[in-house]
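Below is one structure, written out as structure tokens, with a few remarks after it.
Any read-out appearing in this document is the output of simple, stated calculations on the displayed coordinates, not a laboratory observation. Here the structure is a predicted model, which means the values were calculated and not measured. Cβ placement follows ideal geometry from the backbone for every residue including glycine, while neighbour counts extend to all protein chains displayed.
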């Protein structure tokens, strides 16, 4: 699969919009390793998304922060394909 991260991101944004939600790009200058997007969908569904090219895993510093966020009860998804982006909440 030779899909760029930005193509996966576009698919995610379009899917979230189709559900009536917001998919906010996170620009956290002080938080190294923060997930790429904050997703909010009607009904109180909130989670974070790390976008990667197919088969690419998060860096160790990203994984550490993702696990810390998960321990706070917030879901962090790693999405590495257009199919996964389109398939959220199905």
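Some observations on this one:
- Available extension along the chain between residue 90 and residue 61 is 7.4 nm, counting 0.36 nm per residue and deducting the alpha carbon span.
- Grouping the Cα pair distances of the chain into 5 Å bins from zero gives a pair-distance distribution of 3, 15, 25, 26, 20, 10, 2 percent in increasing distance order.
- Ranked by the mean number of other Cβ atoms within 10 Å of their residues, highest first, the peptides 80-86, 40-46 fall in the order 80-86, 40-46.
- Computed lengthening from residue 72 to residue 32, 0.36 nm per intervening residue step minus Cα-Cα distance: 12.6 nm
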